[in-house]
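**Student:** This is the structure I have questions about; it appears just below.
Values in this text are rule-based calculations from the coordinates and carry no lab data. Computed from a prediction, not measured in an experiment: that's the story for all the values here. Here the Cβ positions follow ideal geometry from the backbone for every residue, glycine too, while neighbour counts run over all protein chains shown.
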Amino acid sequence: MTAEATTTRPARPERQAIPMRRRPRGREWLLGRALTYAAAVLLALFILLPIYLIFISAITPREHAFTYPRSLLPAEVSLNSITFFLNASGVLDSFWRSVQVAFITLVLALLIGAPAGYALARYVFRGRNTYRLMVLSTRAFPIVILAIPLAVTYLRIGLDDTVLGVALMHTALALPFAVLITSSIFVSVPREREEAAQTLGCNPLQAFIRVSLPLALPGLAAAAIFTWVISWNDVFAATILTLRNPTLPAKILTALTQSPIYYQFAAGFVMLVPSLVVIFFIRRYLLGLWGRVVK
Amino acid sequence: MTGEGLGRDTAPSPPAEAARPVARRLGWAPYALLLPSLVFLVLFFATPMFQAFVLGLQDRGGSWSLDSIQRMLADSKFRSAVTTTLAIVVLVLPIQFFLAMSMALVINAKLKGQSLWLYVFALPLGISELAAGIVWVSIFTQSGWLNTILQGLGIIDRQIIWQSAETPWLIILTVVIAESWRATSIIMIILVAGLQSIPHEYLEAAEVYGATTWQKVRRVILPMLRPSLQVAMILRVILAFQVFATVIALGGTGVTVLSAEAVRWANDIDNDHVAAAYAGLILMLSIMATALFLWLLPTREEQYA
């Protein structure tokens, strides 16, 4: 893009002058900048346009769902597709089931995962790297290979088709993330303060609760939201593990082939909205959550 | 926690107290903290995985045989499930690599409103496979947005049927686009984090020697991104082998993939043994692809340290 930009510049001055140096760049630099903005806009359109289109599809009256060509600005707005979807048999039930499953997953994953994350962040111990690698490698295993045997086991112990059964499976999926994410959060909370609290007479638990926990809380909330999303979004495990009491995605998936297209649009929209809201709330943590997880 | 008290009680004398209680506390506290997660992973990860192999290597009567695997191989939908899955994996990876790399470079260029761009590019991170599939159904369906736009621009004169069972490759293409839309964010985030860890001095040095943007990408950024690339690609390829809900949403019964076959055998045919055989196949393919990437993009082990 900025092929010649660098060669036309005068020789490089002192190191401290770097910010100053940026200004007098030539026309090629401006062109490169413009091209970068153009790429940014195109990529953003690729992401945003489909979201806009499903939004428009979901709020057009359902009587118009089959009109062609469609209009990019809705002539008439109606929520009757969405109310039709929400009132369809079993949808609200499965919606609440999904909320429950996701909530149990969140609590379990953090209760079990955060202590392990804390241990990884604060202690040096034998087997630390082995444990880390083991947790990382769990991500290499497809859900398929867990869900099918669990369905057999659940049938035997009476957990089949239950909220708890699905939540336990989702916890297994979310736990590795919870461990790695919480560990990266505790690493960023300075341990010196905790140690200072201990020298002032706190025991380690008090030091943790009074000093580290408040500092780690926003990050932990982001981690919690993230585990919630993992559970909310799962279709595969829920489809295998439930039959008469499906979660929302499992319910939608099985209804998909026999349902009118406006039902699908509304369903897609209803599933989409929480995800968008969630990403908005954890936007500041995105790089921290993901970037560090893979290291 | 209680380890502290224990450490103090057993510390015999002041000089030893400096070292010993700490050593004691460090000795078992981390293991106690790890224990719940270890127990959980054994129960809900290791055990089912082991059971999956047992299930796959047994017939319906419960005796050891290769019967389930043979039934999988002989199934009329097996071959198309394998080829469709492989086609999706092979198409999705380069497209997503290109898109994610472009996004990461845009973010790294520090445009105005950098955090807003990052937010927009990261939006699909929270979107489920099924929701993404349905979003693209609204675009590819016969009276959908793509036909509307193409006809509005005068490119086509009548509606094109994108999702016909007679043209499975078109369905595969729609799945690839939907998957690229949904799952590029995660690769982008990993690459951005990797880009940020490249020391400025390297890029500045390249500039001093008159490197063009392309040369910087090719000679400095890509080699230094190798660890991040490797992780991102492995993660993506593993998820791509499990592609499921997008295919069901966009393809219906027109095409099938491995995990959809596993669900069919588990739920509709009610034969968990063949379903487990499919699961085992997906695992094997994932492991082979992981090994391939480890071999193609070798990195030093330091990234795990």
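**Student:** Could you give the distance between the Cα centres of the range B:30-83 and the range B:269-297, to the whole Å?
**Tutor:** With the range B:30-83 and the range B:269-297 each reduced to a Cα centre, they are spaced 10 Å.
**Student:** Determine the shape class of chain B: with a ≥ b ≥ c the square roots of the Cα gyration tensor eigenvalues, call it rounded for a/c under 1.5, and otherwise prolate if a/b is greater than b/c, oblate otherwise.
**Tutor:** Because a/c hits 1.5 or more and a/b fails to exceed b/c, chain B counts as oblate.
**Student:** Relative to the Cα centre, what is the charge dipole magnitude of the range A:204-295, using +1 at the beta carbon of each Lys and Arg, -1 at the beta carbon of each Asp and Glu, and rounding to the nearest 20 debye?
**Tutor:** Here the size comes out at about 260 debye.
**Student:** Now a separate question. Based on DSSP H runs of at least 4 residues, each adding -39500 (n - 2.57), what is the mean residue ellipticity at 222 nm of chain B after dividing by all its residues, to the nearest 500 deg cm²/dmol?
**Tutor:** -21500 deg cm²/dmol
**Student:** With +1 on the Cβ of every Lys and Arg and -1 on the Cβ of every Asp and Glu, and nothing else charged, how large is the dipole of chain B about its Cα centre, in debye rounded to the nearest 20?
**Tutor:** Once rounded to the nearest 20, the dipole reads 580 debye.
**Student:** Hey, fewest Cβ within 10 Å first, where do B:33, B:258 land in order?
**Tutor:** Listing B:33, B:258 from fewest to most nearby Cβ atoms yields B:33, B:258.
**Student:** Between rounded, prolate and oblate, where does the protein assembly as shown land on the alpha carbon gyration tensor, with a ≥ b ≥ c its root eigenvalues, rounded for a/c under 1.5, else prolate if a/b exceeds b/c?
**Tutor:** Here the protein assembly as shown falls in the oblate category.
**Student:** Roughly how crowded by other chains is peptide A:228-236, in terms of the mean Cβ count from those chains within 10 Å of each of its Cβ atoms?
**Tutor:** Taking the mean over all residues of the peptide, I get 5.
**Student:** Let me ask something else about it. Among A:145, A:181, A:282, which one moves the most in a GNM of chain A with springs linking Cα atoms closer than 10 Å?
**Tutor:** Maximum fluctuation in the GNM of chain A, among the listed residues, is at A:145.
**Student:** Given the C-alpha centroids of the range B:173-215 and the range A:33-107, what is the distance between them in whole angstrom?
**Tutor:** Computed from Cα coordinates, the inter-centre distance equals 30 Å.
**Student:** Could you give the dipole magnitude of chain A about its Cα centre, charging the beta-carbon of Lys and Arg +1 and that of Asp and Glu -1, in debye to the nearest 20?
**Tutor:** With Lys and Arg at +1 and Asp and Glu at -1, about 1380 debye.
**Student:** Inside 10 Å of the C-beta atoms of B:275-282, what's the mean count of C-beta atoms belonging to other chains?
**Tutor:** Partner Cβ neighbours, averaged per residue: 5.
**Student:** Ordered by residue, what ³J(HN,Hα) values in Hz, to whole numbers, does the range B:180-186 give under the Karplus form 6.51 cos²θ - 1.76 cosθ + 1.60, where θ = phi - 60° and Gly and Pro are x?
**Tutor:** With the stated coefficients, the range B:180-186 comes to 5, 5, 6, 10, 6, 3, 5 Hz.
**Student:** Right, here's the next one. List the residue ranges in chain A for DSSP H helices whose C-alpha atoms run 20 angstrom or more along the long axis and whose Kyte-Doolittle average is 0.0 or above.
**Tutor:** A:27-59, A:91-122, A:143-157, A:163-188, A:213-233, A:261-281
**Student:** Could you put A:144, B:217, A:77, B:208 in order, starting from the residue whose Cβ has the fewest other Cβ atoms within 10 Å?
**Tutor:** A:77, B:208, B:217, A:144
**Student:** Decide, for chain A, between rounded, prolate and oblate: order the square roots of the alpha carbon gyration tensor eigenvalues as a ≥ b ≥ c, take rounded if a/c falls under 1.5, and otherwise choose prolate if a/b is larger than b/c, else oblate.
**Tutor:** Oblate is the answer for chain A, as a/c is 1.5 or above yet b/c matches or exceeds a/b.
**Student:** Using θ = phi - 60° and the Karplus form 6.51 cos²θ - 1.76 cosθ + 1.60, what ³J(HN,Hα) does each residue of the range B:132-138 get, whole Hz, x for Gly and Pro?
**Tutor:** Each residue of the range B:132-138 in turn: 4, x, 5, 3, 7, 4, 4 Hz.
**Student:** Could you give the length gained by full extension between residue A:162 and residue A:273, i.e. 0.36 nm per residue of separation minus their alpha carbon distance, to one decimal place?
**Tutor:** Full-extension gain reported as 37.4 nm.
**Student:** So for B:77, B:216, B:110, A:251, fewest C-beta neighbours within 10 Å to most, what's the order?
**Tutor:** So the residues, fewest neighbours to most, are B:110, B:77, B:216, A:251.
**Student:** With n ≥ 4 as the cut-off for DSSP H runs, can you work out [θ] at 222 nm for chain A, using -39500 (n - 2.57) per run divided by the number of residues, rounded to the nearest 500?
**Tutor:** Result for chain A, helices only: -22000 deg cm²/dmol.
**Student:** DSSP loop (so not H, G, I, E, B), at most 16 other Cβ within 10 Å: list which chymotrypsin sites (Phe, Trp or Tyr not before Pro) in the range B:157-256 pass both filters.
**Tutor:** Sites meeting the loop and neighbour criteria: B:209.
**Student:** I'd like the FRET efficiency for residue B:222 and residue A:281, computed as 1/(1 + (r/R0)^6) with the beta carbon distance as r and R0 of 30 Å, rounded to 0.05.
**Tutor:** After rounding, the FRET efficiency stands at 0.35.
**Student:** At most 15 other C-beta atoms within 10 Å and a DSSP loop state: those are the exposed GluC sites (Glu not before Pro) I care about. Give me the longest piece of chain A that has none.
**Tutor:** A:77-295
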